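Trainee: Take a look at this one; I'll ask things after.
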Amino acid sequence: MIRELNILRKHGRQYIKDLDKVVLPAVFRGRPEINKDIPGQEADKILALCPNRAIRREDGLSIDLGKCVFCMECAFACPSGIRFTNDYRMAVNRPEQLIIKAGDSRLLRPDPQVIRPEIPRIFRRSLKLRQVSAGGDNSAEMELSAAGNVNFDMGRFGIEFVASPRHSDGVVVTGPISSHMVQALKITWEAIPSPKILVLAGTDAISGGIFAESQAIDRSFLTENKPDLYIPGNPPHPLTFIHGLLDLMGRK
């Protein structure tokens, strides 16, 4: 017992005490901002560079965070026109909120009017989730696992991953949803008691990512079930994930 206490005293507090005050380094690729005055020639160049066609040109440039892989090729090509901030709070609950338009510097948060009232009422203090890697590449899965480590410690907010869908309150989907995993995802979803929530974590889960047009992808599950939260990132940062869930739960 004394030995363990000495170890704890030596290590000190390893967790981030206040998640609201975390400032990530400038190199972090977070919420983008687009200048309204990008010349047409440079805009054409940026459009051609985007590997996932996340950038559109309708009434000015816009970036779809649901498709963006955060490669920053657009920012490298036009640093005066596009920059990626270190703002990691990007989780939303309406897909149209993922469209970042030129001159738009708004903060991204879930729309409280869209959150189902039973979610904060029932899950405000405790949220158990079953994570399903539906054809993922293990990058988003690693970040979600990190959300529960000693640094981020999402367990202190009552948020935990569980082994069985019967013990969970919802599903967190990572990966583009391959045809080999769609049935397993449906079975998992059906095994969860209602009310339940559906979270899409990462670019692949939100839009299919770079695999969206692959014949190996089957996203029919999302036509039948409406997500409660979209968490962009490739992969999403643990702080993006935790803050998104806390906003959904109605926690400050």
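Read-outs throughout are calculated quantities, based only on the coordinates presented, and are distinct from any laboratory measurement. Remember, predicted model here, so these are calculated numbers, not experimental data. Reconstructed Cβ throughout: ideal geometry from the backbone, glycine too, with neighbour counts over all protein chains shown.
Trainee: Among Ile115, Ile63, Ile34, whose Cα projects farthest towards the positive end of the dipole of region 28-140, with charges put on the beta-carbon of Lys, Arg (+1) and Asp, Glu (-1)?
Mentor: Of the candidates, Ile115 comes out farthest on the positive side.
Trainee: Moving on to the next point. Say R0 is 35 Å: what FRET efficiency, to the nearest 0.05, do Val162 and Gln41 get from their beta-carbon distance? Each step should come with its number before you reach the end.
Mentor: On the way: r = 53 Å, r/R0 = 1.51.
It comes out at approximately 0.10.
Trainee: Where nothing but the Cβ of Lys and Arg (+1) and of Asp and Glu (-1) is charged, how large is the charge dipole of region 1-57 around its Cα centre, in debye to the nearest 20? Don't skip to the end; give the middle numbers.
Mentor: Working: 13 positive and 7 negative charges, 65 e Å.
It comes to approximately 300 debye.
Trainee: Any idea what the dipole of region 115-252 comes to, in debye rounded to 20, about its Cα centre with Lys/Arg Cβ at +1 and Asp/Glu Cβ at -1?
Mentor: Numbers: 14 positive and 14 negative charges, 142 e Å.
Magnitude of the dipole: close to 680 debye.
Trainee: Calculated from the structure, log10 I(q)/I(0) by the Debye sum over Cα atoms at q = 0.07, 0.10 Å⁻¹ equals which of [x] -0.26, -0.51; [y] -0.36, -0.70; [z] -0.19, -0.41?
Mentor: Comparing each candidate, only [x] matches the computed number.
Trainee: Can I ask one more? Given H placed 1.01 Å from N in the peptide plane, which residues other than close sequence neighbours of Gly170 have an amide H under 5 Å from its amide H?
Mentor: Amide H neighbours of Gly170, under 5 Å, 5+ apart: Arg130, Ile197.
Trainee: In region 118-249, what % of DSSP beta bridges are antiparallel (nearest 5)? Display every interim value, and only then the final one.
Mentor: On the way: 1 of 16 bridges.
Of those bridges, close to 5 percent are antiparallel.
Trainee: Past 19 Å, Cα to Cα, is the threshold; run Lys101/Lys252; Lys67/Lys196; Lys36/Lys67; Lys45/Lys101 against it and keep the listed order.
Mentor: Lys101/Lys252; Lys67/Lys196; Lys36/Lys67
Trainee: From the phi of every residue in region 147-159, what ³J(HN,Hα) in whole Hz does the Karplus formula 6.51 cos²θ - 1.76 cosθ + 1.60 yield, where θ is phi - 60° and glycine or proline is x?
Mentor: Rounded to whole hertz, the list is 4, x, 7, 5, 6, 8, 6, 5, x, 5, 9, x, 9.
Trainee: Hey, another quick one. What share of the DSSP beta bridges in the chain is antiparallel, in percent to the nearest 5? All intermediate terms of the calculation are to be shown ahead of the outcome.
Mentor: On the way: 11 of 26 bridges.
That works out to approximately 40 percent antiparallel.
Trainee: Hey, which aspartates and glutamates would be in cross-link range of Lys17, C-alpha to C-alpha under 13 Å, not counting anything within fewer than 8 residues on its own chain?
Mentor: Candidates past the 8-residue exclusion: Asp153.
Trainee: How large is the dipole of the chain about the Cα centre if only Lys and Arg carry +1 and Asp and Glu carry -1, each at its Cβ, rounded to the nearest 20 debye? Please list the in-between numbers first.
Mentor: Numbers: 34 positive and 29 negative charges, 219 e Å.
Approximately 1060 debye in magnitude.
Trainee: Shifting gears a bit: Any idea how far the Cα center of region 145-222 sits from the one of region 52-125, in Å?
Mentor: Result: 20 Å between the Cα centres.
Trainee: At 7 Å along the Cα-to-beta-carbon direction for both Glu73 and Ser105, put a label point, then send me their distance in nm to one decimal.
Mentor: Here the modelled spin labels are 2.9 nm apart.
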